[in-house]
Amino acid sequence: MPNLENGTFKKLDVVVVGGGLVGSLEALFLAKRGHRVRLYEYREDIRNTPQARGRSINLALSIRGRTALREVGLEDHMINNHGIPMKGRNIHRIDGSTYIIPYDSRTKQCIYSVGRNYLNGLLLQESENYENVERFFNHKLIASNLRKGFLSFQKTDTKEIVEVNADLIIGADGAFSAVRKEIMKQPLFDYNQKYIEHGYLELCIPPDSNGGFQMPPNYLHIWPRGGIYDDCPSKSGRSWTVTLFMPFTHFKSLDNEDKLLKFFEKYFPDSIPLIGKQKLIADYFAGSASPLIAIKCRPYNVEDKALIIGDAAHAVVPFYGQGMNAGFEDCTILNQLFQKHHDDLTKILKEFSDTRWEDTFAISDLAMYNYIEMRDLVTRPSYLLRKAIDDVIFWLMPKFWIPLYNSVTFSTIPYTQCIKNRQWQDKVLNRSLLFLGTVTSAVGAFYVYKKIVGLS
């Protein structure tokens with residue numbers, strides 16, 4: 001039944017657990033629909049907090065994320081006032097030379113490098129414009145009864161206990177979600193997590209002596225070295241976030257300054273003058289490598305009372321740049337379901353949970369694939385040849401043939417359909433190559449036969 005009370009629209013009382021990117025965006029969607037929203041965040045207000053070391057500072061914003069921001073009126077601000085367009089990958093060879101692999105050589109579309117803190121702060125600030133949104137920071141979820149819509153928080157500064165009830169609880173509290181932990185107690189809940197062997201550590205390339213970028217800013221710079229690689233999106237302020245990915249065993253082995261410098265001289269020699277030796281040493285030993293986890297689970301809901309979204313539901317490794325975008329797409333899809341089912345939570349939560357998992361499982365698999373591609377495959381001639389073929393066919397028949405990366409990054413085609421399209425394309429190319437090989441062999445055999453007959 002529609003969410004009506006005495007024939008009129010009934011405002012829902014919603015608690016969103018997690019005031020990060022996805023939680024603060026979902027709060028805006030719900031507020032726009034007129035519902036009361038209380039946003040609870042474990043950390044302090046990010047608008048008053050310096051950048052926390054160890055979290056990815058810059059993120060890739062693509063069409064799925066932009067679509068969600070457009071719905072809440074923030075896309076233009078992010079694109080025109082903050083985001084840095086990235087046109088493709090700038091690959092750094094070990095000899096210091098570089099070459100560019102465009103993301104979209106046909107229509108010149110790009111992704112945008114955006115600051116995590118800036119975007120999160122912007123979303124929270126936008127929520128200040130809604131009287132029906134309340135924000136509570138330094139609140140840690142310590143207990144719950146999801147079926148009854150009950151939550152208990154503890155203030156991290158005063159240790160005071162705060163108990164709340166809600167019509168709907170939305171968990172957007174990240175990969176190590178406290179809400180998901182409670183859902184895991186429910187029967188028939190499937191859960192799988194995977195840590196990859198690689199960790200990551202963030203370094204920084206500062207501006208040059210004139211305050212400008214030290215490298216061309218409109219590219220994702222990558223130093224692929226097999227099982228080890230750096231990537232580097234441009235950042236506002238003319239500096240660069242450098243993310244070093246490699247097995248934890250490598251991080252552990254680089255335990256003094258001499259080993260660290262020799263390692264960079266061997267694998268990333270052109271990055272040393274960009275970072276600076278002393279800054280490299282200081283940044284590397286100031287922190288420790290962080291793990292990367294992928295999570296798949298289902299169902300996402302507990303009846304009509306609770307739902308998890310974003311990383312709480314489907315954390316992915318960062319190698320396709322879709323973690324934030326997939327989380328933002330959750331918000332877009334939820335909003336569409338609220339419209340479709342007239343705010344009827346029973347229908348909304350069931351349909352979201354029954355359908356969304358297939359696409360989130362798909363992007364998790366794609367991110368794992370790109371993990372291999374970015375560290376290794378981008379340097380292989382076979383990869384470059386396949387990309388060239390994709391680009392040519394896409395140029396000639398853009399509605400018939402959309403390369404995998406383009407469909408994932410520059411469209412809202414469901415992730416599962418992106419994979420199906422790629423599998424179909426693989427079959428077409430394999431059959432075409434087989435046909436060409438057969439024809440070539442036949443022609444060759446004919447000429448050999450003709451030559452033998454001619455000699456006799």
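Tell me, please, whether a residue that is over 23 Å from residue 324 (Cβ atoms) and open to solvent by less than 20 Å² (accessible area, probe 1.4 Å) can be found in segment 402-424.
no
Would you tally the residues in segment 282-334 being open to solvent by 10 Å² or more (accessible area, probe 1.4 Å), of a type in the set (S, T, N, Q) and either part of a helix (DSSP H, G or I) or touching a Ser or Thr at 6+ places or on another chain (Cβ under 7 Å) (or both)?
The qualifying residues number 2.
Search segment 211-224 for residues that are over 15 Å from residue 275 (Cα atoms) and in contact (Cβ under 8 Å) with a residue 40 or more places away in the chain and pair each with any residue that is open to solvent by 40 Å² or more (accessible area, probe 1.4 Å) and basic (Lys, Arg) when their beta-carbon atoms are under 6 Å apart and the residues are at least 6 apart or on different chains.
Matching pairs, first to second residue: 218/87; 224/375.
Scan segment 350-365 and give yes if some residue there is open to solvent by 30 Å² or more (accessible area, probe 1.4 Å), among the polar types (S, T, N, Q) and farther than 29 Å from residue 74 by Cβ, otherwise no. Break it down into steps so the answer makes sense when it comes.
Our first condition is that a residue be open to solvent by 30 Å² or more (accessible area, probe 1.4 Å); within segment 350-365, this holds for 350-351, 354-355, 357-358, 361, 365.
Remaining after also requiring among the polar types (S, T, N, Q): 355.
Next, from what is left, pick out any that are farther than 29 Å from residue 74 by Cβ: none.
Scanning segment 350-365, I find no residue that is open to solvent by 30 Å² or more (accessible area, probe 1.4 Å), among the polar types (S, T, N, Q) and farther than 29 Å from residue 74 by Cβ, so the answer is no.
Based on this model, can you work out whether residue 329 counts as under 14 Å from residue 62 (Cβ atoms) and acidic (Asp, Glu)? Outline the logic, then answer.
On the way: under 14 Å from residue 62 (Cβ atoms): yes; acidic (Asp, Glu): yes.
Here the answer is yes, as residue 329 does meet what is asked.
Looking only at segment 146-161, how many residues end up being surrounded by 14 or more Cβ atoms within 10 Å (Cβ to Cβ) and either out of contact with any helix residue (DSSP H, G or I) (no Cβ under 7 Å at 6 or more places or on another chain) or basic (Lys, Arg) (or both)?
Of the residues in segment 146-161, 8 are surrounded by 14 or more Cβ atoms within 10 Å (Cβ to Cβ) and either out of contact with any helix residue (DSSP H, G or I) (no Cβ under 7 Å at 6 or more places or on another chain) or basic (Lys, Arg) (or both).
Hey, does segment 336-352 have a residue that's touching a Lys or Arg at 6+ places or on another chain (Cβ under 8 Å), more than 30 Å from residue 198 (Cα to Cα), modelled with pLDDT of 95 or more and among the aromatic types (Phe, Trp, Tyr)?
Yes, the conditions are met somewhere in segment 336-352.
Which ones in segment 392-432 are outside any helix (DSSP H, G or I) and touching a residue at least 12 places away in the same chain (Cβ under 8 Å)?
Pass one, segment 392-432, residues outside any helix (DSSP H, G or I): 397-403, 410-414.
Passing the criteria: 398, 401, 402, 403, 410, 411, 412, 414.
Could you look through segment 97-145, keep only residues that are among the polar types (S, T, N, Q), in contact with a helix residue (DSSP H, G or I) (Cβ under 8 Å, 6 or more places away or on another chain) and open to solvent by less than 50 Å² (accessible area, probe 1.4 Å), and pick out the one that is nearest to residue 18 (Cα to Cα)?
Top of the filtered list is 120.
So which residues in segment 40-62 are surrounded by 16 or more Cβ atoms within 10 Å (Cβ to Cβ) and either at pLDDT 95 or above or among the β-branched types (Val, Ile, Thr) (or both)?
If we filter segment 40-62 for residues that are surrounded by 16 or more Cβ atoms within 10 Å (Cβ to Cβ), which is where we start, we get 40-42, 46, 56-62.
Within segment 40-62, 40, 41, 42, 46, 57, 61, 62 meet the criteria.
What are the pairs, 6+ residues apart or on separate chains, where a residue within segment 143-169 that is assigned by the TED database to the domain that holds residue 187 and over 24 Å from residue 184 (Cα atoms) has its Cβ under 7 Å from a residue that is basic (Lys, Arg) and in a strand (DSSP E or B)?
Final answer for the pair search is 156/140.
Are any residues in segment 172-229 part of a loop (DSSP other than H, G, I, E, B), of a type in the set (Gly, Ala, Ser) and open to solvent by less than 60 Å² (accessible area, probe 1.4 Å), and if so, which ones?
172, 174, 175, 177, 211, 212, 226, 227
The values are calculated or read from the model by the stated rules, or taken from the named source; none is laboratory data. This structure is a prediction, so every number in the text was calculated from the model and none was measured. Neighbour counts run over all protein chains shown; Cβ positions are idealised from the backbone, glycine included. Side chains are part of the model used for accessible areas, which takes the heavy atoms of the whole protein and leaves out ligands, DNA and RNA. Shrake-Rupley method; radii C 1.70, N 1.55, O 1.52, S 1.80 Å.
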